[in-house]
Every structure is written in structure tokens, then in C-alpha cells.
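Okay, so here's the structure we're looking at.
The values are calculated or read from the model by the stated rules, or taken from the named source; none is laboratory data. Quick caveat, the model's predicted, so the values are computed rather than measured. Note: ideal-geometry Cβ built from the backbone for every residue, glycine included; neighbour counts use all protein chains shown. Heads up: the accessible areas ignore ligands, DNA and RNA and are worked out on the full protein's heavy atoms, side chains in. Shrake-Rupley method; radii C 1.70, N 1.55, O 1.52, S 1.80 Å.
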Amino acid sequence: MRRPGRGAQRVTAAAGFRHPAQVVATGFASAVLIGACLLSLPVATASGERADVIDALFTSTSAVCVTGLVTVDTGGYWSTFGEIVILVLIQAGGLGIMTLATLFAVLVSRRLGLRARLLAQAETKTLSLKDVRRVVRNIVLFSLVSEAVVAVALTAAFFFGHEQGLGRAVYDGVFHAVSSFNNAGFSTHSDSLMRYVGDPWVCLPVAAAVIAGGLGFPVIFELRRSLRRPRTWSVLTRITVTLTVTLLAVGTVAITLAEYTNPRTLGSLSGDDKWLAGFFASVMARTAGFNSIDTSAQGSESLLVTDILMFIGGGSAGTAGGIKVTTFGLLAYVIWAEMRGESSVEVGRRRVPSSNQRQALAVALLSIGTVVLATFLLLGASGHSLERVLFEAASAFGTVGLSTGITDELPAFGQSVLIVLMFVGRIGPLTLASALALRDRTRLYELPEERTIVG
């Protein structure tokens, strides 16, 4: 890939940035600070008193990074104004990450590029500003239409099935639709969606919105064009669809069987409701954060499965977090090729370049290191067990929002660690992957080769 041209360098230098990743980080940090200031206003709380700085900053970060972890009850602590601020931050964070991630993805794949006039991108010759506007417009349109459809379905479910007033049903429907499509996990109910554990009219629309938002816009757009021609799918779509279906199925079976007789979670439900709750828990572990069963009551086996699903996350260029299924899937193909003694990695009759493989390895290992470091710090700052602390760290890094109930019990230092972890987990994999791709360069010489012992 060509390095950014002089025009791009002059534009970014004039703005004080050296790399597009700095624009992403600065933009999200600014949104977090603005949201924290708004949530610090007395009008933002139900009591009319100013929120604590750490609570306002934590909630704002969680909303912008579409995570869902909270230190206070969203529906009880914040006023209507505060909830609307949270909703706007969720929408801005979700649309922002989908737009930027899609533009980065098409840039790195060399299918599209952005001229130097676009501060967040590098210069290529194939895409005009008009094309960029079309991409952004399609992303916004797809997001708003999806949220509107889910909002109507949830409003009807709340109004007809749970006897809520029309105004309240509409408000809750819109709030949960935006929160679910953006994989945020914020709920106006203190028990999240536990009261609807056996209601498919609530659980399934939320799950559908989470899956749609988590697939990523490039995959959605390609599926819309060639859903019935899977042989023409790109490597990105093949890996994303295959692993999404596989992980959802494996997660559903594993969580349901692990919790099947647990009286505090699935044990008291009927057979169909158990599988519905298990499926919902599997979907939410893909970085959504809603829960229809008590997460703190889950057994060690299902918590471990959830940890893995949270760390992997969803699709690239979507609202989901984690290292992304494309990273995980690509590494799986690398291992499979190595076990078979093949010199190249192939996916769907396409050869994956070695630089792409190294990028996936770097993202995965640095992400593991980040979660391990955060877990170590949280263990030192709290008296909770490794199981619960690791779950909290994985949830924050994966921008999931599930919790065993220790978030509000952590000291200020521990909550600050989670704030940093949510921020890094939201923009880290994206900016790291783009930075590695944009730094790709051709060496004019090769050093002598020497093998080392592995294993």
C-alpha cells in the first residue's frame, strides 16, 4: 500500500495530527468529556443534585464506547434529560465507530480510499469525496432504519404484552432499540431485561438488532447484494458470517447446558424458555450487555464461556467490540494451515497476505496483554475473586457491559481502570489494525535467515 501523499501529510500536520488514529482517539475523547459535563449538570439526575465526577465520567465513557457497564442505576439515578444524553452518546458512538471503521476497512482492503481532504484517511486515487458521502449516508440510513423497525416491534411488545402506557412504551422501545443496535446494553430497567426472560417478542427483536449491528456495515452491504451467491463473498464476509453463526450456536448450547439445572438462572424456566434465555445470553456476550438472567448467579463454566465470547466480540466495522471475529477466524486459519504444513493461508479460494496475518496476531496478543494487565490492577484494587475481576475486565475491554455486580463496588481507582479499558477496547483494535496496515512498507533488502526453536 502506498504511504500517504504529501497532500495528506500537509493537511494532517496543519491540524496537529500525525496519523488518522489520533483523530479517532481525540474525537472519542472529546465526546466522552462533553457527555461527562452534561451528565454532571443537576438537571441530569433524578434527585436534582450533581452527579459524582467519577459516575458522570464512567457513564459517559460507557455510552460513547457503547459498553453498558454502569456504576449507578440508569433508570433510577438519571432524569429523563440524563437518559436522553446517554441515548445521544450511544448513537454518536455507534455511528461514529461504524463510519470510521468502515472507512478504515475499505481503505486497508484497497477497495476504496480517501483523498487528503478527509483528515482521518490516507490519500489514494480511487474514491472521491462524493463516494465517501455516499458510504456515510448509507451507514446512517441503515442504522436509523434498523433502529426504527426494532423500536416499533418493542413498543408493540411493551404496550400490548406488558400493559405499559403508550408514551412509556414508545420511550422504552426507542431507548432499547438504539441501545441494542449499537450493542450498548443500557436499559431503563434496573434488572436490565430479566423481567422479559421468557418473552420472545422482546428478546428476539433485541437479539436481532444486536446481531445486525455487530455484523458490520461492509458485511451487511455485501450480503444485501449477494446473499444467494456465497461463492462470491469476500474473505471478510465468509469469516464473519461463518464464525458468527458458529459462536452463537456454540455459546447457546454451552451456556444453556451449563445453567440448565441452576435454580438461580435457568433451572426454574420451562424447556423452551431455557433455550431462549441461553440463546439471548450467547448473543449478548457478543458485546451487547443486556441480560435476561442473573449474571452474578451463573456458574463458573458459563462465565468462562462468556469470557471467551466477550473477548472475541463481533464483526469488523460494526458496533460490536472485542478483537473481532475476523481476527479470531484469521488466526484459526493460520493455525490450520500450519498444522497441514501449507506455505500459505487460504480462505475461500483467496490467499491471505502474511502482513494481514501478522496484524491479526498483533491485535490478539496486545489485547490479551491489556486484559491481563487490567485484571492484575483490579485484583489489587478490590477484594473480589479472580473469576469476577477477569469477567469485569473482559466485559470492559470487549465493550460488552455484562457484570457480576461488582462495578459499583470497585474503588475509584478500579473504576478508573475500567474507564481506560473501555476506551482502549473501543478504539484500540481499530486504530491499531489501521496503524499497522498503513505502516506497511517494502524493504529493499533481506537479512540472512535463521530458524529458532519453537515450543
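When you count the other C-beta atoms within 10 angstrom of each residue and take the mean per peptide, 266-273, 161-168 line up highest first as 266-273, 161-168. Summary of packing: across the peptides 287-294, 199-206, the per-residue average of other C-beta atoms within 10 Å ranks them, highest first, as 287-294, 199-206. Dipole magnitude for segment 265-403: about 580 debye, using +1 per Lys or Arg Cβ and -1 per Asp or Glu Cβ, origin at the Cα centre.
Work through the residues other than residue 400 whose Cβ is under 15 Å from its Cβ and net out their charges, Lys, Arg +1 and Asp, Glu -1. Net charge around residue 400: +2. The stretch between residue 301 and residue 253 holds 16.1 nm of extra length on full extension. This uses 0.36 nm per residue minus the Cα-Cα distance. Calculated FRET efficiency, residue 246 to residue 33, Cβ-Cβ distance, R0 = 35 Å: about 0.35 to the nearest 0.05. Between residue 231 and residue 373, the distance separating the two model label sites (each 7 Å from Cα on the Cα→Cβ line) works out to 4.8 nm. Net charge around residue 158, counting only other residues with Cβ within less than 13 Å of its Cβ (Lys, Arg = +1; Asp, Glu = -1)? Its environment carries a net charge of -1. The heavy atoms of residue 159 present about 80 square angstrom of accessible area, all protein chains included, probe 1.4 Å. Each Lys or Arg adds one and each Asp or Glu takes one away; over the other residues whose Cβ falls under 15 Å from the Cβ of residue 304, this sums to -4.
Taking every protein chain into account, the accessible area of segment 189-241 amounts to 49 square angstrom per residue (probe 1.4 Å). Computing the accessible area with a 1.4 Å probe over protein heavy atoms, can you report the carbon and sulfur percentage for segment 332-431? So the carbon and sulfur contribution to the accessible surface is 61 percent.
Summary of packing: across the peptides 395-402, 252-259, 27-34, 311-318, the per-residue average of other C-beta atoms within 10 Å ranks them, highest first, as 395-402, 311-318, 252-259, 27-34. Each Cα pair under 8 Å and six or more residues apart adds its separation to the average, and for segment 167-253 the resulting relative contact order is 22 percent.
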